[in-house]
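The values are calculated or read from the model by the stated rules, or taken from the named source; none is laboratory data. Worth saying up front: this structure is predicted, and the values here are computed from it rather than measured. Cβ sites come from the backbone with ideal geometry, for glycine too, and all protein chains shown count toward neighbours.
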Amino acid sequence: MNEPILTKFAIDAIESLAKEDPKLYGLIEQEYLRQSVSLAMVASCSNTDPSVLACEGGFTSNVTAEGYPGARFHAGCEFVDQFEQLAIDRAKQAFGAQYVNVQPHTASTANQVVTSRILDPGDTLLGLSLDGGGHLSHGAKVNISGSFYNAIGYNLNTDGFIDYDQVEQLALQHKPKLIICGTTAYPRIIEWQKFRDIADKIGAYVLADITHIAGLVIAGEHPNPIDIAHFTTTCTHKQLYGPRGGLIMMGKDFELPSPRGKGTLVNLMQSGLFPFTQGAPIVNTIVAKARALDRANKPEFKQLAKRIVSLSSCLANAFIEEGITVVSGGSDNHIILANTLKSFNVTGIVAEKALEECNIIINKNWIPGDTLSPFVTSGIRIGTNSVAARGLDEVAIRKCASLISRVLKQIVVVNDREYKLDAAKRDEFRAEVKEIAICFPIPGYRLPDILKDK
């Protein structure tokens with residue numbers, strides 16, 4: 001039987017890399033091994049399925065395809081059109097959308113398309129502040145969204161929940177043209193309808209950025225904003241286990257007239273991405289998006305989403321039992337924010353470095369009211385996307401909570417950025433992490449025997 005064409009292509013490609021560039025091949029191999037024996041608990045990442053990686057790493061990147069299906073500016077797009085339409089159709093099915101653009105290179109690009117088409121430079125937007133859990137593209141002063149536009153930030157209440165009364169007060173006071181809801185470090189349910197009700201009072205548009213909760217939305221584990229917000233954006237790698245890229249979507253408002261006087265909101269978004277913001281799409285990434293969205297439409301994905309939420313809740317409760325201060329007192333999604341400065345007298349950057357040394361990967365993060373630099377921070381952000389995909393159960397996730405607590409209790413703080421950790425204790429922690437990682441391997445990633453023996 002003849003070997004399948006794509007299988008031979010992939011094998012030849014890997015063999016060629018190993019032969020022609022052994023240094024690079026060796027580094028890639030080391031990274032594979034690192035991921036295999038560490039526990040990735042960064043809220044903004046996941047384990048991309050190997051079938052998605054196969055799509056992204058293929059020869060479809062050879063095609064230049066400016067434009068949209070049926071209206072390209074280059075030849076050779078017969079199958080590219082079908083790839084893109086397949087991705088669009090699968091995204092519509094997953095989110096219940098009426099319109100989808102699958103070409104954004106990132107979710108930040110998707111947000112930029114929406115803001116730049118709704119707003120002119122100097123216009124006002126309202127978004128969640130960084131220390132409250134917002135994203136750079138939601139109006140941070142260091143970002144284009146906060147430097148080109150008059151960005152006003154709303155925040156959380158004293159219990160760690162979005163302060164919807166403040167959102168309404170600021171909206172009535174400043175009359176933004178665009179209200180952005182959605183977060184990057186917020187562990188609770190977002191009430192989309194409250195944002196829409198506020199926006200309707202002042203004639204504003206609503207952008208819901210579901211980058212961090214897209215998988216939960218698809219699975220019904222978080223309310224869906226698609227028919228509430230005017231625009232919904234997301235990335236495709238955090239919780240869709242796909243390639244790094246973005247989506248722009250609309251629900252029932254997709255045929256509303258454009259505020260710029262020509263066509264509808266669909267026309268506005270199509271031209272807002274190409275040619276206004278981007279040139280040619282990344283074809284191989286679109287192919288990978290189509291694969292990831294197919295997986296997200298399967299019944300198994302709903303079970304994975306349920307596990308993401310249950311593990312997050314369990315981890316938050318375990319932290320609290322360990323005496324760790326958890327922002328808002330728990331989690332409704334995949335994110336837990338922990339105040340390490342209050343709990344251990346350890347800054348976020350020290351916690352991040354110490355845990356990484358023990359092969360537990362999290363990230364430093366601002367917490368509400370944080371007075372430290374964003375490069376230092378008072379807390380950390382932990383997520384359960386990757387560990388849920390690996391199949392960790394509640395017993396294993398409680399071991400993770402215990403490990404994190406013990407590591408941060410064991411280190412000796414030198415200053416806000418430096419610490420000391422006994423090498424013998426570090427090796428003990430690494431061994432515990434490795435045991436969990438080997439018991440729950442990344443799906444589709446074969447663990448070499450050499451790792452099991454070390």
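Observations on the model:
- Residues that are surrounded by 12 or more Cβ atoms within 10 Å (Cβ to Cβ) and among the hydrophobic types (A, V, I, L, M, F, W, C), drawn from region 405-430: Val407, Leu408, Ile411, Val413, Leu421, Phe429
- Of the candidates Ser343, Ser402, the single residue that is within 27 Å of the chain's Cα centre (by Cα), surrounded by 16 or more Cβ atoms within 10 Å (Cβ to Cβ), within 22 Å of Gly330 (Cβ to Cβ) and modelled with pLDDT of 95 or more is Ser343.
- Among the criteria (1) modelled with pLDDT under 95; (2) surrounded by fewer than 23 Cβ atoms within 10 Å (Cβ to Cβ), the one Thr183 does not fulfil is (2).
- Residues within region 296-336 that are part of a loop (DSSP other than H, G, I, E, B) and crowded, with 23+ Cβ neighbours inside 10 Å, tallied: 3
- Single match in Leu293, Leu207, Leu268 (criterion: more than 26 Å from Phe79 (Cβ to Cβ), of a type in the set (A, V, I, L, M) and part of a helix (DSSP H, G or I)): Leu268
- Flag if Ile436 is touching a residue at least 12 places away in the same chain (Cβ under 8 Å), closer than 17 Å to Val42 by Cβ and either assigned by TED's automatic domain parsing to the domain that holds His237 or not hydroxyl-bearing (Ser, Thr, Tyr) (or both): yes
- Pair list, Cβ < 8 Å and 6+ apart or interchain, from region 113-134 residues that are touching a residue at least 40 places away in the same chain (Cβ under 8 Å) to residues that are of a type in the set (Lys, Arg) and part of a loop (DSSP other than H, G, I, E, B): Arg117/Arg260; Ile118/Lys177; Leu119/Lys177; Asp123/Lys177; Thr124/Lys175; Thr124/Lys177; Leu125/Lys177
- Selection status of Asn101, in contact with a strand residue (DSSP E or B) (Cβ under 6 Å, 6 or more places away or on another chain), crowded, with 24+ Cβ neighbours inside 10 Å and among the polar types (S, T, N, Q): yes
- Those helices (runs of 4 or more DSSP H) of region 342-454 in which 1 or more residues are under 24 Å from Glu29 (Cα atoms) and not acidic (Asp, Glu) occupy 348-357, 385-390, 423-439, 449-453.
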